[in-house]
Structure formats: C-alpha cells, structure tokens
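Student: Please see the structure below; I have some questions.
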Amino acid sequence: MMLPGSNRRIFTVAKHVGMAVPGKLPDGRQMVSRAQQEAENYKRFYGTTIPTKVLSDRLANYCHAFSLYWHLRPLGSAALTASYDDQGPHIYLSETNGVSYRYYGIAVGKGRQGIKTELERLKLGNLSCREALKIVCKCLIKQRDDTSNKKFEIELAWISDETNKQFVRVPKELAKESEDEAKKEIEQEDEDSDDMES
Amino acid sequence: EKGAMATGSGKMKEVLTGTTIMACTYDGGVVLGADSRTSSGNYVANKVADKITKVCDKVYLCRSGSAAHTQAVAGYANLYLNQHAIELGEKGVCVRSAANIVKEIAYTNKQWMNAGMIVAGWDKNEGGQVFVVPMGGTLMEVPFAVGGSGSIYINAFVDKNWKPKMTKSECKAFVRKAVSLAISRDGSSGGVIRTVTVDKDEQVKEFLPGNEVQVYHDEIQFSQGAQKVEFVKA
C-alpha cells in the first residue's frame, strides 16, 4: 500500500557526503541529523568542507556516548557514509558501539554476511561506478531471494567524478536499467546452476 | 613622577603596532614581511618587535593594530589550530582554515577589536596562499596584501610591482623593498625588517638589521649600511 519512494534510507549530509542508515530508521535519522550539523559547523568554523575521516570519527564518538549512560539506550542504527573529498572517494562505517572504519566495500544490516562474502570476491579497485551499480543491485536482490515474496524497492545513490563529486540519487532510468540487468544475470546464474545439477 | 611614558596630555596611550606588514605569494610559497616598531604614543615601546607570529605549522599571522588584541587573537588561533591538527591527523591544517578561525574571532568581537591581520602560509593541497583579515572581520584571499599604518604609502608601489610566479629571492627582495619604503614615510614603522618565507620544504625566519634597510632621499644614512637610493624606479 506504500507509495514507491517513501521509506527513504539514504540521505545527503553535505554536498560531498551521503549516508545510508540500516536498522531503526528513527535512530538512523538522528545520526544523519547530527552528521549534518557537524558538517555545517565544521564549514562555518574552518572554512573548508569536512574531511570524511573527521565526520565519521565524530559520528562514532556521538554513538559511543549513548553507551556511557544508564538512562540512554544505544542507537539502533549505523551510518554508512560515502563521500568524495580532496583526498578522494571514501566509504566509512560508523557503528553504534563507537567504532568507525574505512572500507572499500561493506554491507550492513540483516543480510550483510552474504553480501560481504560476495564483495570479497570482487576486484574493487578495477570497477567503474556503473559496473558497481549492477553489482550492488545483484547483491541486494539475491540476499532477499530466500525470504518471502514481498515486493521491495532498491534505493540507489552515488558520488563520483561523473556526478561532479556531489552526492546524488542515481537517475531513475539508470537505476531501473541496473536493476533489470541484475535480475537477468541472477536468472541466468540460476539456469546455469540448474543445468549443472542435472 | 612615574617616567617618560606620558604623552603631552599626561595619559598613557595604548600600545599599538602602528606598523607595516605584508605578505605575498611567489611560485611555490609565500613571503611575509613586517617592520619592528611598537609605539605607545610617541614612545617606542619595542624597537625590535616580532609582528609575524606562527599560528600553526606552515601558517603565520602578521599583526597590526592593538598589540594586546592581536596577541590574544594569535593565542586563540594557535589553540584552536593545535586541537584541529590533532583531529585531522596526517592531513595537515590548511591555510584557509587558519584564516577562517582568525576571521571568526575578529568578526564576532568586532565591537571591541582593533586588529588588522594577514594570514599567510603553505599547505599541500593549494600551495602558498595569502588571506587578509582587515578591521571589521572580512576575509579575502589575495595574491598579495599590505596592512598597518605604513601600508597606505606602498599600496600603489606593491600594486604596480608585484608579478605572479616570482622566484623566492625576487619575492623576498620585493617585500624588503616595499617595507623599507613604508618605513621611510611612516613614523609608526621602523626598526628592522623581519621576513618569513614558507614553502614546501622550509619555513625560514630572517631579519634585515636597521642599518641595512634601504634609505631614500632625505633620510640620514647610517655610517655603514645600505646605499642611499636617490631615485626609485617605478
């Protein structure tokens, strides 16, 4: 019954930084809001855009604070940050326990284990953004296959030289194209594996 | 009776760095220059003052106006930039951030402040940069800047003679010449000419002693020192 496009989980923190939040969405939104404030304050005080490492460290410290006090519960989300600053593109994961690491490929949420295994097989250094789009779709679709046949939506956003180093949502047509391609490849693989079994 | 610090009115004047300060970019870095006179009315409180202060690695601040105000600003800037450097880690502080902090302090406290400053330095991403924060708290990035009471006498000279992509020694000589011209006309500027050169490899603090500062026209020549210049070619 939900309109497509509601239940967004990917947010823009600053022009050059975007964030995806798994788990409890309200907690995730809290983290995004904090990140947006940190980025804005940093720009105001230091005159430059916030470096990704600084942003994720600050966010991780913020999450950690919730684990120090008896009257607070830890945030039920994490912040998967993608950015492009003057040191290049970065992916950081700031977890609710207070750690923050940089990754070349990472998954977080219910189906993360399977996707992490898939990502480890890839030669991440040689992928273009377009190829990565399809791979991301594939991973997400595959991981949902085993559960119920509920309809689901894939939300995609990216940042690269092509997007002028700005974090933007993937254009609708391109997103649909990647999704369809991914579905086709999955069907192909299923057929191949069926052939092999018989 | 206390001493010779009283002016004609009998009241003590605030210590000012009525000054000549400047900074300019060259191919690969910046050169900052300043005179060394701190005056309190007609009394020269310090004739060898150092008006170029380090605020963080590879970034320096030229101070003019109230000595107390600018020293306080430099102190705060140093504090915030040290904390900032710890948070940044390997990536060093950029000159723009240093200038922005100086500007925030100057602008937020503009009612009480009497401080005109120039922030200049070198960082890995953008190379040599000069930012000027005049009284009131504006922030502008410029290829070269002059400040202080003596700057008015050399605005045209500097505008005409600064060239982009100078060499390090050309730039140093240019800065020394400009400051010496200002000293020759401005009563609140004098003493030695201090310069700081910042580029990728080094940060060098130098000074030109008083008797080696260029003199012009009517000034009395030191017995041993720079040759008197009778005509300054434009």
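The values are calculated or read from the model by the stated rules, or taken from the named source; none is laboratory data. As the structure is a computational prediction, the values presented were derived from the model and not from experiment. Don't worry about glycine lacking a Cβ; one is built from the backbone with ideal geometry, like all the others, and counts go over all protein chains shown.
Student: Taking the range B:170-222 only, how many residues are touching a Leu at 6+ places or on another chain (Cβ under 7 Å), in a helix (DSSP H, G or I) and more than 17 Å from B:Ser151 (Cα to Cα)?
Tutor: Residues flagged as touching a Leu at 6+ places or on another chain (Cβ under 7 Å), in a helix (DSSP H, G or I) and more than 17 Å from B:Ser151 (Cα to Cα) within the range B:170-222 amount to 0.
Student: Here is a list of conditions, (1) in a loop (DSSP other than H, G, I, E, B); (2) in contact with a strand residue (DSSP E or B) (Cβ under 9 Å, 6 or more places away or on another chain); (3) within 22 Å of B:Lys54 (Cβ to Cβ); (4) within 14 Å of chain A (Cβ to nearest Cβ), and B:Thr138 meets all of them except one; can you say which number that is?
Tutor: B:Thr138 satisfies all of (1) in a loop (DSSP other than H, G, I, E, B); (2) in contact with a strand residue (DSSP E or B) (Cβ under 9 Å, 6 or more places away or on another chain); (3) within 22 Å of B:Lys54 (Cβ to Cβ); (4) within 14 Å of chain A (Cβ to nearest Cβ) except (3).
Student: Write out, first by first residue and then by second, each pair whose Cβ atoms fall under 7 Å of each other, whose residues are 6+ apart or on separate chains, and whose first residue, in the range A:41-61, is of a type in the set (Lys, Arg) while the second is part of a helix (DSSP H, G or I).
Tutor: Here the result reads A:Arg58/A:Glu38, each pair linking the range A:41-61 to a residue that is part of a helix (DSSP H, G or I).
Student: Let me ask something else. For the structure I just gave you, tell me whether A:Leu127 is crowded, with 18+ Cβ neighbours inside 10 Å and at pLDDT 85 or above.
Tutor: Criteria not met by A:Leu127.
Student: Across the range B:141-159, what is the total count of residues that are away from every other protein chain (no Cβ under 14 Å), closer than 25 Å to B:Thr108 by Cβ and surrounded by fewer than 17 Cβ atoms within 10 Å (Cβ to Cβ)?
Tutor: The qualifying residues number 1.
Student: If you don't mind, there's one more thing I want to ask. Quick one: count up the residues across the range B:41-53 that are surrounded by fewer than 17 Cβ atoms within 10 Å (Cβ to Cβ) and not hydrophobic (A, V, I, L, M, F, W, C).
Tutor: 5
Student: Show the residue pairs meeting these rules: Cβ distance below 8 Å; 6+ apart or different chains; first residue within the range A:18-32 and without any contact (Cβ under 8 Å) to a residue 60 or more places away in the chain and on the phi < 0 side of the Ramachandran plot; second residue basic (Lys, Arg) and in a helix (DSSP H, G or I).
Tutor: Partner pairs satisfying both residue conditions: A:Val21/A:Arg29.
Student: Something else about it: Which condition does A:Ser67 not pass, out of (1) touching a helix residue (DSSP H, G or I) at 6+ places or on another chain (Cβ under 8 Å); (2) in a loop (DSSP other than H, G, I, E, B), if it passes all the others?
Tutor: Unmet condition: (1).
Student: Still on this structure, I have one more. Return the residue satisfying two criteria in turn: it lies in the range A:76-94 and is without any contact (Cβ under 8 Å) to a residue 60 or more places away in the chain and under 13 Å from the mean Cα position of the chain (by Cα), and of such residues it is surrounded by the fewest Cβ atoms within 10 Å (Cβ to Cβ).
Tutor: Checked the range A:76-94; the qualifying residue surrounded by the fewest Cβ atoms within 10 Å (Cβ to Cβ) is A:Ile91.
Student: Is it true that B:Lys124 is touching a residue at least 24 places away in the same chain (Cβ under 8 Å) and in contact with a Gly (Cβ under 7 Å, 6 or more places away or on another chain)?
Tutor: It is true that B:Lys124 is touching a residue at least 24 places away in the same chain (Cβ under 8 Å) and in contact with a Gly (Cβ under 7 Å, 6 or more places away or on another chain).
Student: If I go through the range A:13-58 residue by residue, how many of them are crowded, with 22+ Cβ neighbours inside 10 Å, within 17 Å of the chain's Cα centre (by Cα) and within 14 Å of another protein chain (Cβ to nearest Cβ)?
Tutor: 3
Student: Moving to a separate point now. If you check A:Asn97 against the conditions, is it polar (S, T, N, Q) and over 15 Å from A:Pro22 (Cβ atoms)?
Tutor: no
Student: Let me confirm something: among A:Thr81, A:Thr117, which residue is more than 28 Å from B:Tyr80 (Cα to Cα), among the β-branched types (Val, Ile, Thr), more than 14 Å from chain B (Cβ to nearest Cβ) and not in a loop (DSSP other than H, G, I, E, B)?
Tutor: A:Thr117
Student: So, of the residues in the range B:88-131 that are in a strand (DSSP E or B) and away from chain A (no Cβ under 14 Å), which turns out to be surrounded by the most Cβ atoms within 10 Å (Cβ to Cβ)?
Tutor: So, considering only residues that are in a strand (DSSP E or B) and away from chain A (no Cβ under 14 Å), the one surrounded by the most Cβ atoms within 10 Å (Cβ to Cβ) is B:Ile118.
Student: A follow-up question, please. Mind checking which residues of the range B:188-219 are in contact (Cβ under 8 Å) with a residue 60 or more places away in the chain and closer than 14 Å to B:Tyr153 by Cβ?
Tutor: B:Ser188, B:Ser189, B:Gly190
Student: Take the conditions away from every other protein chain (no Cβ under 12 Å), surrounded by fewer than 18 Cβ atoms within 10 Å (Cβ to Cβ), of a type in the set (D, E, K, R) and not in a strand (DSSP E or B) and apply them to A:Arg73. Does it pass?
Tutor: Criteria met by A:Arg73.
Student: Looking at (1) within 14 Å of chain B (Cβ to nearest Cβ); (2) of a type outside the set (A, V, I, L, M, F, W, C); (3) within 30 Å of B:Val119 (Cβ to Cβ); (4) part of a strand (DSSP E or B), which one does A:Arg102 not meet, given that it meets all the others?
Tutor: Failed condition: (3).
Student: Quick one: count up the residues across the range A:18-38 that are among the aliphatic types (A, V, I, L, M), within 14 Å of A:Cys63 (Cα to Cα) and in a helix (DSSP H, G or I).
Tutor: Residues in the range A:18-38 being among the aliphatic types (A, V, I, L, M), within 14 Å of A:Cys63 (Cα to Cα) and in a helix (DSSP H, G or I): 3 in total.
Student: Taking the range A:95-109 as the region of interest, how many residues are in contact with a Gly (Cβ under 9 Å, 6 or more places away or on another chain) and surrounded by fewer than 17 Cβ atoms within 10 Å (Cβ to Cβ)?
Tutor: Going through the range A:95-109 one residue at a time, the tally reaches 2.
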